[in-house]
1. Can you list the trypsin sites (Lys or Arg not before Pro) in the range 12-76 that are in a DSSP coil and have 14 or fewer other beta carbons within 10 angstrom?
2. For every other residue with a beta carbon closer than 15 angstrom to the beta carbon of Arg88, add +1 if it is Lys or Arg and -1 if Asp or Glu, then tell me the sum.
3. What's the exposure ranking of Thr7, Thr114, going from fewest to most Cβ atoms within 10 Å?
4. Among bridges DSSP assigns within the range 1-138, what percent are antiparallel (round to 5)?
5. What ³J(HN,Hα) values, in whole Hz, does the Karplus curve 6.51 cos²θ - 1.76 cosθ + 1.60 give for the range 88-99 when θ = phi - 60°, with x put for Gly and Pro?
6. With a/c under 1.5 counting as rounded, go ahead and sort the range 53-162 into rounded, prolate or oblate using the C-alpha gyration tensor (a ≥ b ≥ c being the square roots of the eigenvalues; past the cut-off, prolate if a/b is larger than b/c, else oblate).
7. Pop out the ³J(HN,Hα) list for the range 24-33 in order, Karplus 6.51 cos²θ - 1.76 cosθ + 1.60 with θ = phi - 60°, rounded to Hz; leave Gly and Pro as x.
8. Under 5 Å between amide H atoms, partner at least 5 residues away or on a different chain: which partners does Trp35 have, H built in plane at 1.01 Å?
Amino acid sequence: MKAYLTTVATHAKGYCPSFLPSAGTFGWEPVVLGWGRTWPGFGLKLSLVYHWLRCLPDLNCLVLFTDCHDAVLLADAEAVQRRFRSFRHPLVFSAETNCAPDPQLAGHYLRSPTRYRFLNSGGFIGEGRYLLDLMERHQIWSCHSRADDQRWSTARYLEDPRSIRLDTRCEHGIHNHRTHSYPLVFHGNGGSNLRPVLRWADLDEDRYQCPVVP
C-alpha cells in the first residue's frame, strides 16, 4: 500500500526547516499543502487535506498527516505502516494530556490506560478512503477556514468513539518513558523545544534551509 506523508504549511516557521529534511532522511517525499497562502485559521488544514484526498488517483493508500512546525519524523514508511497495522483500525489520532480546546468535554472521553487520553489533531494516520468518507459524511466543506480543526476532530470522536482510535501510548520516534513506547513521529505540540530531539536524531535545524515547495 502506498504511503503518503502530508502536512500544511503556508510558510517556514518554527521547526518546519527541520521537519522537511527529517522526512527526506527517512525516504519520505512530503506533500506540503497551502504553501504561500494566507493563513486564515486552522480550518484551512481540514479543507486542504480534504481537497487533496479527492484528487488522489487511488484511495487505497495510507495517509500520515502531521503538523510540521513542531514535529520531527523519525521513521521510514515501512516502519510507519507496520506500526499502523498493529492498531487494527483504519484511523488513528495522536493523544495528549490536555482536553483542548474545550476542557469541559473531558468527562465525555473514554478512560485511558495512560495519561494521554485526549485527541490531538496535530497528527493522525489512516486509510485514504476511510478518511475521505469520514470527512464527506460530516460535510467537511461546511467547516469555515477559521474553525478549529481539533474541535472538529474531537466532535467526530465523541460522536462515535469507534470511528477513531486514539494513540494513548504515543506509539506514533524516541522512547516515551511514561508509556515505554517508541513513537515514529515526535510532536512537540506548539512552543516545545525540539532541539534535544534534533540533536539526538542528528538533525540540528541550524544546518537546514526550508526548501521552496510548490
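1. Details: sites: Lys13, Arg37, Lys45, Arg54; in loops: Lys13, Arg37.
Loop-located and lightly packed - Lys13, Arg37.
2. On the way: positive: Arg82, Arg83, Arg85, Arg162, Arg165, Arg169; negative: Glu127, Asp167, Glu171.
With Lys, Arg at +1 and Asp, Glu at -1, the net is +3.
3. Working: Thr7 27, Thr114 16.
Ordered by Cβ neighbours within 10 Å, fewest first: Thr114, Thr7.
4. Working: 11 of 19 bridges.
Taking every DSSP beta bridge with both residues in the range 1-138, the antiparallel ones total about 60 percent.
5. Result, ordered by residue: 6, 8, x, 8, 10, 9, 4, 10, 9, 8, 10, 8 Hz.
6. On the way: a/c = 1.57, a/b = 1.17, b/c = 1.34.
It is oblate, given that a/c is not under 1.5 and a/b is not larger than b/c.
7. Those phi angles translate into x, 4, 9, x, 7, 10, x, 8, 9, 9 Hz.
8. Correct list: Ala9.
Every read-out reported here was derived from the displayed coordinates using simple, explicitly stated rules and does not represent laboratory data. Everything quoted here is computed from the prediction, not taken from an experiment. All Cβ positions, glycine included, derive from the backbone under ideal geometry; neighbour counts span all protein chains shown.
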